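Everything on this sheet refers to the single structure shown next.
The values are calculated or read from the model by the stated rules, or taken from the named source; none is laboratory data. Given the structure is predicted, the values throughout are model-derived calculations rather than measurements. Glycine gets a Cβ as well: all are built from the backbone with ideal geometry, and neighbour counts include every protein chain shown. Heavy atoms of the whole protein, side chains included, go into the accessibility calculation; ligands, DNA and RNA do not. Shrake-Rupley method; radii C 1.70, N 1.55, O 1.52, S 1.80 Å.
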Amino acid sequence: HSEQPMAGAIILAALLSPAVSPPPSPPPFPPGPPAPPPPPPPLSPGLTGDPHLHFAHGGEADFRGEDGAVYNMLSHTNISVNGAWEMASFLLPLHWGGMKVRGSFVTDAYIVVKTASSGRTIRVEYSPNQPPTPLVHGLPGGGAATRLHAGEPAVAVEDVRISLEAREGGQGGGAEVLQVSTAGWKLEASARLIWRSTVPGKKQIDLSLAPLRDPLGPQPPTGKMVAPHGLIGQSYDGDGIAVDGKQDKYKDLWKAQGGGHEIVTQAQAEGAIEGEGDDYKMADFFGTDFKYSRFAVAEAPVRDVSKLTGMHRLARPTTGAPGSASTWKVSSGTIGDDEREGQNEPAPSR
C-alpha cells in the first residue's frame with residue numbers, strides 16, 4: 001500500500017511543475033531583412049516603377065513598354081522628356097512566397113530644353129546605373145559636358161535651372177533627385193534602388209512633372225495654344241476628367257499565367273492614351289520628333305478624351321474659367337512597380 005502515496009506524490013509534482021513548451025515551428029520561409037523605409041516621395045505623383053503612370057487629373061495606368069526602347073513622357077513647346085525602359089525582375093513580399101515579378105522600369109531619363117530668349121538647346125542625361133551622370137550638354141562656352149554633383153549650385157542659363165539634390169529616407173540611404181525647371185515646367189527625376197531587385201544595386205527613376213503656368217495658355221512667340229502631349233503630358237487637357245487605363249493586377253496575372261512562381265506584367269496603358277504605345281517611341285535618346293510631338297509646333301489642340309476607352313471619372317471640380325488654376329495646377333508622373341499597392345494584398349491561394 002506504500003506505492004499509492006508515492007504515485008500520488010509523482011502526479012502532484014507533475015501538476016505543480018512548470019509546463020514545458022514544445023519547440024517553435026520553423027517559419028514557412030527564411031526570414032528576410034527588415035523592410036526598408038519608404039523612399040522619399042517625388043515632387044508629385046507621376047511615374048513610378050513598372051512603370052505606373054499617374055496622370056494630371058488623377059487617372060492611372062501601367063505601361064510595360066519594350067526592353068531598350070525610349071518613350072516620350074512630355075512633349076511641349078521647347079521641352080521634351082524621354083525615358084528609357086528596361087526589363088527587370090523583383091520579388092514580392094514574403095507572404096507571396098517569394099513570387100517573382102518580371103516587370104520593367106524607367107532606368108534613364110533624357111531631357112531636351114530650349115532657353116526662352118536665345119533658343120539655346122540644352123540636353124540633360126541621367127543614367128544612375130552608368131555613372132558619371134547627370135551630364136549637361138550645350139552650356140555656354142561649349143566644350144565637354146558638365147557633370148552635376150549633389151549639393152552644388154544649380155546650373156542656370158536664362159530661364160533654365162538644373163541641379164542635383166541628395167534626399168534622405170529611402171532604401172540604400174535615400175535618392176538622388178535631378179531637378180530641371182524652365183519658364184513653363186518643373187520636373188524631378190528621382191533615382192533610387194529597386195526594392196527586392198533580383199539584381200543587387202539596380203536603380204530606377206521615378207519621374208514627376210508639374211506645370212509652372214497654364215500649359216494650354218498662349219505659347220510664345222506665336223501666342224497660340226499648344227496642348228502638351230507624350231504618355232503623361234497629354235493628360236494636361238484642362239477638362240478635370242481622370243481617365244484610368246489598363247493596370248496589372250497581380251492576382252489576376254497569377255491566375256491567367258498558370259499559378260506558378262512568377263508573373264509577367266502586360267499592361268500598355270490601353271484606354272488612357274491616344275493611339276498605341278509604339279506611337280511614343282523615340283528614334284534616339286534625345287529625340288523630339290514622334291507622332292504627337294509638340295516640341296516645335298506652332299499650334300496643337302488638346303486630345304479628344306471622348307475617344308479614350310478607359311474609365312472616365314470627375315477628378316476635380318472645374319470651378320474656374322478655362323485656363324484658371326483649378327484646371328491646370330495639378331501634377332503628374334511615374335512610379336516604379338516595386339512600390340505598387342497590390343503587392344501588399346493577401347497572396348492568392350495555391
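Annotations
- Rounded to the nearest 20, the size of the Cβ-charge dipole of the stretch 157-237 about its Cα centre is 260 debye, with Lys and Arg at +1 and Asp and Glu at -1.
- Among the listed pairs 186/249; 100/249; 249/281; 100/255; 114/203, those beyond 21 Å (Cα-Cα): 186/249; 249/281; 114/203
- Calculated P(r) of the stretch 88-222 - Cα pairs past 27 Å, %: 31 percent
- Base-10 log of normalised Debye intensity for the stretch 214-309 (one unit scatterer per alpha-carbon) at q = 0.12, 0.18, 0.26 Å⁻¹: -0.52, -0.90, -1.32
- In sequence order, the stretch 264-278 has phi-based couplings of 10, 5, 9, 4, 10, 6, 4, x, 10, 10, 5, x, 10, x, 4 Hz under the Karplus curve 6.51 cos²θ - 1.76 cosθ + 1.60, θ = phi - 60°, and Gly or Pro positions carry x.
- The residues of the stretch 179-322 have, on average, 46 Å² of accessible surface per residue, using a 1.4 Å probe with all protein chains present.
- Across the stretch 219-285, the relative contact order, built from alpha-carbon pairs under 8 Å that are at least six residues apart, equals 27 percent.
- Net charge contributed by nearby residues that have their C-beta within less than 13 Å of residue 121 (K/R +1, D/E -1): +2
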